[in-house]
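These notes concern the structure reproduced below.
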Amino acid sequence: MRPRGPRTPESYQPRKPGQPGKTGWKRKPERGRSPRGAETRAGDGAVVLYGWHTVKAALENPARRIRRLFATENAARRLAEDGLALDVFAPGVETELVRPDAIAHRLGPDAVHNGLLAEADPLPSPELDELEPAGIVLVLDQITDPHNVGAILRTAAGFAVAAVVTTARHSPEATGVLAKSASGALEYVPIVTVQNLARALELLRERGYLLVGLDSTGDIDLGKAPLRAPLALVLGAEGKGLRQLTRATCDRVARLDLPGRIKSLNVSNAAALALYIASKRAS
């Protein structure tokens with residue numbers, strides 16, 4: 001298995017040009033395609049990636065195999081200006097130069113695609129025991145909204161989170177809306193998928209992690225809680241919060257004390273605030 005992260009954009013090594021047999025750009029008829037929701041897979045196990053930052057980061061990630069790429073003339077020109085001339089940079093990838101409405105037809109009218117859409121292989125999911133017991137990991141307890149999970153991944157990349165742990169069930173796939181909301185972070189932060197979250201938390205504890213759940217009814221403010229690395233911050237779904245077994249498995253449950261009239265945050269905003277506090281205090 002090839003590792004996929006964590007890595008920063010500065011540490012990227014561009015995908016090396018392949019052997020002879022480049023496909024270059026192809027123009028194909030743009031009508032007659034059947035609509036496909038951005039949340040779905042593209043078929044044969046492929047995932048859908050769209051948007052400038054999402055697709056560009058995928059193209060720059062040597063661990064990501066791109067199957068097909070659709071780009072408008074403006075997007076292709078912009079990629080070339082950024083050093084990603086695709087007939088050289090992505091040899092062997094089936095590429096099509098299309099009009100913007102052809103991409104919109106594949107995704108739906110509300111998707112902001114910036115002239116880029118890719119169908120790609122999913123990235124490999126590392127095993128929990130492959131993680132180096134250091135730094136911070138985020139654990140998501142059945143957070144199902146792809147916008148929230150994507151935003152959490154984007155924040156995780158910003159704070160150099162070592163991995164995001166999520167469940168195989170009751171979690172969105174790393175495709176479509178989630179990938180767009182992550183704005184390229186799928187290529188930077190490993191996602192560890194587990195079958196049983198409570199057992200995964202126990203394994204993290206055995207590997208030295210401090211398990212801190214976040215809940216509005218927590219017994220201590222996170223800003224005052226004793227924190228150390230390696231640290232696992234556990235986030236529950238909006239509305240439901242942490243499940244009972246998840247909460248019981250944590251070493252402690254903390255809250256985020258807010259000075260204003262509203263005392264709770266969207267889960268992705270809560271993740272950002274918690275990571276800011278933890279990154280300053282866990283060492």
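The values are calculated or read from the model by the stated rules, or taken from the named source; none is laboratory data. Everything numeric here is computed off the predicted structure, so don't read it as measured data. When we count neighbours, we look across all protein chains shown, and the Cβ atoms used for this are built from the backbone with ideal geometry, even at glycine. Accessible surface is based on the protein model in full, side chains and every heavy atom, while ligands, DNA and RNA are left aside. Shrake-Rupley method; radii C 1.70, N 1.55, O 1.52, S 1.80 Å.
Does Thr246 fit the bill of being hydroxyl-bearing (Ser, Thr, Tyr) and in a helix (DSSP H, G or I)? Criteria met by Thr246.
Results for (1) open to solvent by 80 Å² or more (accessible area, probe 1.4 Å); (2) touching a Ser or Thr at 6+ places or on another chain (Cβ under 7 Å); (3) among the hydrophobic types (A, V, I, L, M, F, W, C), shown as yes or no for each residue.
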site	(1), (2), (3)
Leu245	yes, no, yes
Thr249	no, no, no
Lys263	yes, yes, no
Val267	no, no, yes
Ala270	no, no, yes
Lys280	yes, no, no
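Cβ-Cβ contacts under 6 Å between residues 6 or more apart (or on different chains), taken from a first residue in region 164-179 that is closer than 13 Å to Ala120 by Cβ and touching a residue at least 24 places away in the same chain (Cβ under 8 Å) to a second residue that is small (Gly, Ala, Ser) and part of a loop (DSSP other than H, G, I, E, B), are listed as Gly176/Ala38.
A residue that is basic (Lys, Arg) and touching a strand residue (DSSP E or B) at 6+ places or on another chain (Cβ under 7 Å) cannot be found anywhere in region 91-100. Just one residue in the set Asp110, Asp129 is closer than 26 Å to Arg68 by Cα, among the acidic types (Asp, Glu) and not in a strand (DSSP E or B); that residue is Asp110.
State yes or no: is Leu186 over 15 Å from Ala282 (Cα atoms), open to solvent by less than 10 Å² (accessible area, probe 1.4 Å) and within 12 Å of the chain's Cα centre (by Cα)? Don't jump to the end; show me each part of the working.
On the way: over 15 Å from Ala282 (Cα atoms): yes; open to solvent by less than 10 Å² (accessible area, probe 1.4 Å): yes; within 12 Å of the chain's Cα centre (by Cα): yes.
Taking the combined requirement at face value, the residue satisfies it.
Screening Pro122, Pro109 for residues that are farther than 22 Å from Arg77 by Cβ, over 13 Å from the mean Cα position of the chain (by Cα) and of a type outside the set (D, E, K, R) leaves exactly one candidate, Pro109.
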